[in-house]
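K.L.:
Let me give you the structure first, and then I'll get to my questions.
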Amino acid sequence: MTRYAVEPDAATPTSKSRGSHLRVHFKHCREIVHHINGMPVGKAQKFLDDVLAFKSVVPFVKYTGGVGRKAQAKQHKTPGSKGRWPVKATAVVKDLLTNAVANAETKGLDVEALYISHGQCNRAPAGRRRTYRAHGRIGKYASQPAHIELILTEKKDAVSVGGDDEEGEGARGAKITKKMAAKKRFVKVGGGTD
């Protein structure tokens, strides 16, 4: 069994999927996985389909050198409106997500309640080739493959929040200033009139 960067709690129902030494650009995969991390599965699948159809752009946040500005990137509030449509990497991530969903169905999880709790992309060892340069020299011609892993988790039912009519102190009750809290901690000594 392969090791994941994060081992989820055994009590929470999860499904996993990973790919190693994938021949797609690491930087593209990193930006895609970073964007879909934390999304519900249905929303992530729709986003990946939209990228493949050029209806939505992958916002580039970390690896932005030479990445052009796109109007679609403003939808995601991308710094500098930088984005691209990395088709090959998007297709690979989509296949991994589909595999993780299929694993969840096999385990009997509710697919509608799944979200991407962990998505990670690491650099894989470079694929080395050579290119021929001027004056009889040889230069490196390396590919930058990636390792990708996804973990899907079922969303838990939200805890109900108490109504506003409840009395008391703390998060929902009456606000307490620091001065009032200090007065409550103060122990009175003596029999003064107050």
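The values are calculated or read from the model by the stated rules, or taken from the named source; none is laboratory data. These numbers come from a predicted model, not from an experiment. Note that we place each Cβ from the backbone using ideal geometry, even for glycine, and neighbour counts take in every protein chain shown. Just so you know, the surface numbers come from the protein's heavy atoms only, side chains and all, with ligands and any DNA or RNA stripped out. Shrake-Rupley method; radii C 1.70, N 1.55, O 1.52, S 1.80 Å.
K.L.:
Is one or more of the residues making up the stretch 107-115 within 19 Å of Lys155 (Cα to Cα), in a strand (DSSP E or B) and of a type outside the set (Asp, Glu)?
P.N.:
The first filter runs over the stretch 107-115 and keeps only residues within 19 Å of Lys155 (Cα to Cα), leaving 107-115.
If we keep only those that are in a strand (DSSP E or B) too, we end up with 114-115.
Retained after the next criterion (residues that are of a type outside the set (Asp, Glu)): 114-115.
Taking every residue of the stretch 107-115 in turn, at least one turns out to be within 19 Å of Lys155 (Cα to Cα), in a strand (DSSP E or B) and of a type outside the set (Asp, Glu).
For every residue, the table says whether it meets (1) open to solvent by less than 50 Å² (accessible area, probe 1.4 Å); (2) modelled with pLDDT under 95; (3) in contact with a His (Cβ under 7 Å, 6 or more places away or on another chain).
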| position | (1), (2), (3) |
| --- | --- |
| Ala126 | yes, no, no |
| Arg130 | no, no, no |
| Arg137 | no, no, no |
| Gln144 | no, no, yes |
| Ile148 | yes, no, no |
| Lys155 | no, yes, no |
| Gly162 | yes, yes, no |
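K.L.:
Select from the stretch 65-80 the residues that are within 24 Å of Arg23 (Cα to Cα) and surrounded by 13 or more Cβ atoms within 10 Å (Cβ to Cβ) and list them in ascending order. Walk me through how you get there before you give the answer.
P.N.:
First pass over the stretch 65-80, keeping only residues within 24 Å of Arg23 (Cα to Cα): 65-68.
Within the stretch 65-80, just Val67 meets the criteria.
K.L.:
Can I ask one more? Would you point out the residue of the stretch 26-64, among those that are of a type in the set (A, V, I, L, M, F, W, C) and closer than 18 Å to Pro145 by Cβ, that is surrounded by the fewest Cβ atoms within 10 Å (Cβ to Cβ)? Working first, answer last.
P.N.:
Residues of the stretch 26-64 of a type in the set (A, V, I, L, M, F, W, C): 26, 29, 32-33, 36, 39, 41, 44, 47-48, 51-54, 57-58, 60-61.
Imposing the further condition that a residue be closer than 18 Å to Pro145 by Cβ reduces the set to 26, 29, 32-33.
On the way: Phe26: 21, Cys29: 29, Ile32: 28, Val33: 23.
Within the stretch 26-64, the match that is surrounded by the fewest Cβ atoms within 10 Å (Cβ to Cβ) is Phe26.
K.L.:
Closer than 21 Å to His147 by Cβ and of a type outside the set (A, V, I, L, M, F, W, C): is that true of Pro86 in this structure?
P.N.:
Working: closer than 21 Å to His147 by Cβ: yes; of a type outside the set (A, V, I, L, M, F, W, C): yes.
Yes; evaluated as a whole, the condition is true for this residue.
K.L.:
Going through the stretch 81-100 one residue at a time, which ones are farther than 25 Å from Leu152 by Cβ and either of a type in the set (A, V, I, L, M) or surrounded by fewer than 13 Cβ atoms within 10 Å (Cβ to Cβ) (or both)?
P.N.:
none
K.L.:
Within the stretch 31-61, can you find the residues that are charged (D, E, K, R) and in contact with a helix residue (DSSP H, G or I) (Cβ under 9 Å, 6 or more places away or on another chain)? Spell out the reasoning first.
P.N.:
We begin by selecting, within the stretch 31-61, every residue charged (D, E, K, R); these are 31, 43, 46, 49-50, 55.
If the condition is that a residue be charged (D, E, K, R) and in contact with a helix residue (DSSP H, G or I) (Cβ under 9 Å, 6 or more places away or on another chain), then Glu31, Lys43, Asp49, Lys55 are the ones that fit.
K.L.:
One residue is enough: does the stretch 11-19 have a residue meeting the conditions open to solvent by 40 Å² or more (accessible area, probe 1.4 Å) and either part of a strand (DSSP E or B) or at pLDDT 95 or above (or both)? Outline the logic, then answer.
P.N.:
Within the stretch 11-19, the subset open to solvent by 40 Å² or more (accessible area, probe 1.4 Å) is 11, 13, 16, 18.
Remaining after also requiring either part of a strand (DSSP E or B) or at pLDDT 95 or above (or both): 16, 18.
The answer is yes; a qualifying residue exists.
K.L.:
Against the definition (modelled with pLDDT of 95 or more, surrounded by fewer than 22 Cβ atoms within 10 Å (Cβ to Cβ) and at negative phi), how does Arg23 come out, yes or no?
P.N.:
Spelling it out, Arg23 is indeed modelled with pLDDT of 95 or more, surrounded by fewer than 22 Cβ atoms within 10 Å (Cβ to Cβ) and at negative phi.
K.L.:
Considering the stretch 108-123 alone, what residues qualify as being more than 20 Å from the chain's Cα centre (by Cα) and either surrounded by fewer than 10 Cβ atoms within 10 Å (Cβ to Cβ) or closer than 18 Å to His28 by Cα (or both)?
P.N.:
Of everything in the stretch 108-123, just one residue is more than 20 Å from the chain's Cα centre (by Cα) and either surrounded by fewer than 10 Cβ atoms within 10 Å (Cβ to Cβ) or closer than 18 Å to His28 by Cα (or both), namely Gly108.
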